[in-house]
Amino acid sequence: MRKNSIKNTRINGEVLKELSQIIRNEVKDPRIHPMTSVMEAEVAPDLKSCKVYISVYGDDQVKKDTLDGLKAAEGYIRHQLAQGLNLRNTPELRFILDRSIEYGVEMSHRIDEVIEADQKAELERREVPEDA
């Protein structure tokens with residue numbers, strides 16, 4: 001099975017949905033922040049491993065605590081995943097913090113600052129008399 005095959009894409013989607021439900025509804029670790037989202041799940045073609053990209057709303061300590069909680073509950077989450085999905089192998093989970101949303105927000109703020117500076121410079125340029 002190729003990495004980008006239709007079957008692999010479908011498995012990634014099913015694993016993503018199932019992991020989201022498990023983390024949101026079944027894992028009771030207090031370290032896991034309630035605003036934790038599963039952004040992407042990449043299951044290897046041999047179904048042995050899975051990279052799970054998560055996004056956590058909060059500061060760096062909240063993110064670290066959430067990752068620690070997820071790593072501690074990895075066995076339970078994997079067991080629940082095996083019960084929810086009918087796969088030949090249940091992949092080993094590796095949780096990775098996804099910072100793409102933070103990066104997008106930061107870039108948006110920077111773009112807004114540049115636009116604001118350009119508008120301010122344009123206004124100043126128009127206010128300066130040209131005969132001077």
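The values are calculated or read from the model by the stated rules, or taken from the named source; none is laboratory data. Quick caveat: nothing in here was measured; it's all calculated off a predicted structure. Reconstructed Cβ throughout: ideal geometry from the backbone, glycine too, with neighbour counts over all protein chains shown.
Within the group Asp98, Asp65, Asp60, Asp46, which residue is more than 16 Å from Arg24 (Cβ to Cβ) and in contact with a His (Cβ under 8 Å, 6 or more places away or on another chain)?
Answer to the check: Asp65.
Filter segment 12-33 down to the residues that are without any contact (Cβ under 8 Å) to a residue 24 or more places away in the chain and more than 17 Å from the chain's Cα centre (by Cα), then identify the one that is farthest from Gln83 (Cα to Cα).
My answer is Lys28.
Matching residues to (1) without any contact (Cβ under 8 Å) to a residue 12 or more places away in the chain; (2) in contact with a Lys or Arg (Cβ under 6 Å, 6 or more places away or on another chain):
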site: Thr36; (1), (2): no, no
site: Tyr57; (1), (2): no, no
site: Gly69; (1), (2): no, yes
site: Arg88; (1), (2): no, no
site: Arg94; (1), (2): no, yes
site: Gly104; (1), (2): yes, no
site: Met107; (1), (2): yes, no
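So how many residues does segment 1-38 have that are among the basic types (Lys, Arg) and touching a Phe, Trp or Tyr at 6+ places or on another chain (Cβ under 6 Å)?
0
Output yes when any residue across segment 84-95 is assigned to a helix (DSSP H, G or I) and modelled with pLDDT under 95, and no when none is.
Yes, because at least one residue in segment 84-95 is assigned to a helix (DSSP H, G or I) and modelled with pLDDT under 95.
What single numbered condition from (1) in a helix (DSSP H, G or I); (2) assigned by TED's automatic domain parsing to the domain that holds Gly13; (3) under 18 Å from the mean Cα position of the chain (by Cα) fails to hold for Gly104?
(2)
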